[in-house]
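See below for the structure under consideration.
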Ligand code: AMP
Ligand code: FE
Ligand code: FE
Ligand code: ZN
């Protein structure tokens, strides 16, 4: 089908997006998207409830997550799809990330408070995947900066005065967890990883795909990533990285996954929502 579009990368209020999972699914249906995955940073809190909602809107949903990982101190975001939500390793990794984020947010706030900023943890809201975007929003609400972008640029972006690394987890370990949960692992927004040495290692690792179609990238920008994926027999996926109002210039569905790839991921995913997959029975979660 020519107009098939499936956005496999977006963030809800379960991490740093501004729309709830339900609102994202509604928006996806309004935009005519046939498939979707909500890929919150380091949490799967949107699931399994989102499956029921997606079924009622006629949107095919694949369970998803965007794990933060690192390789040689370089940040690598890994998209996981179609995993078993009940898998203990997966649940454990999400819990570990929640603790990591808590400690790191505290350290960033301490640094800011030490420099005279009036900010505390309760300004960030609640949830498992609170991070720098929430700190940026709090700084904006208090009038210290005009935008989230400015907060990253001047204060808390990588290498800026109030940036704190926090604990890290490796790519190999993250891949092990995704695979233990029977999921598929995809390298997110590959153009953001700029080190050749890191790429050499990543391309030899146990991934199943590269997110070549991302946000508003041009054909020239995506072609090398398609070639690298195809040379390895990996999936070529796509998604917008929609975050709602915190990134107002990125609309949902602006980038998408080809139908054949979506179907392959959808068919092999562990969870099947009732009603959506032609009368197949829902998996017992
Ligand atoms: P964290 O996971 O807490 O380190 O926050 C990283 C997230 O912050 C990314 O996934 C983006 O959503 C967001 N982010 C990173 N850099 C910027 C930036 N320069 N402007 C706005 N948002 C950003
Ligand atoms: Fe984000
Ligand atoms: Fe990312
Ligand atoms: Zn993302």
Item checked: Cα-based helix-to-principal-axis angle, 259-268 vs the chain, degrees rounded to 10 -> 90
Check: Which order do peptides 166-175, 28-37, 7-16 fall in by mean Cβ count within 10 Å, highest first?
Finding: 7-16, 28-37, 166-175
Check: Shape call for region 135-285 from the C-alpha gyration tensor, a ≥ b ≥ c root eigenvalues: rounded (a/c under 1.5), prolate (a/b greater than b/c) or oblate?
Finding: prolate
Note to self: On a full-extension model of 0.36 nm per residue, what is the gain between residue 201 and residue 141, subtracting their alpha-carbon distance, rounded to one decimal in nm?
What the structure shows: 17.5 nm
Next item on the list: Note the angle between two axes, namely the Cα long axis of helix 171-180 and the longest principal axis of the Cα atoms of the chain, as a number of degrees from 0 to 90, rounded to the nearest 10.
Entry: 40
Check: Do you know the relative contact order of the chain, to the nearest whole percent, from alpha carbon pairs under 8 angstrom that are 6+ apart?
Finding: 25
Notebook entry, point to check: Which of the peptides 154-160, 236-242, 257-263 is most tightly packed, and how do the rest follow, judged by the mean count of other Cβ atoms within 10 Å per residue?
Noted result: 236-242, 257-263, 154-160
Margin query: Taking R0 as 30 Å, what FRET efficiency do you get between residue 120 and residue 23 from their Cβ-Cβ distance, rounded to the nearest 0.05?
Written below: 0.60
Next item on the list: Determine the percent antiparallel among the DSSP beta bridges restricted to the chain, to the nearest 5.
Entry: 50
Checklist line | Relative contact order (percent, whole number), region 1-99, Cα cutoff 8 Å, 6+ residue spacing | finding: 23
Item checked: For region 205-271 versus region 8-60, the gap between their alpha-carbon centres in whole angstrom -> 16
Notebook entry, point to check: How much FRET efficiency would the formula 1/(1 + (r/R0)^6) give for residue 72 and residue 164, where r is the Cβ-Cβ distance and R0 is 22 Å, rounded to 0.05?
Noted result: 0.70
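Cα convex hull of the chain: mean projected area in nm², to one decimal?
The number I arrive at for the chain is 14.4 nm².
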Item checked: residue 182-residue 86 pseudo-label distance in nm [points 7 Å out on the Cα-to-Cβ vector] -> 1.0
Note to self: Run the simple label-point estimate for residue 230 and residue 264 please: 7 Å along Cα→C-beta, distance reported in nm.
What the structure shows: 1.2
Note to self: Rounded, prolate or oblate for region 144-226? Axes are the square roots of the Cα gyration tensor eigenvalues, ordered a ≥ b ≥ c, and the cut-off for rounded is a/c under 1.5.
What the structure shows: oblate
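We did not get these values from a lab; they are worked out from the coordinates using the rules stated. Just so you know, these numbers come straight off a predicted model, no measurement behind them. We place every Cβ from the backbone using ideal geometry, glycine too, and count neighbours over all the protein chains shown.
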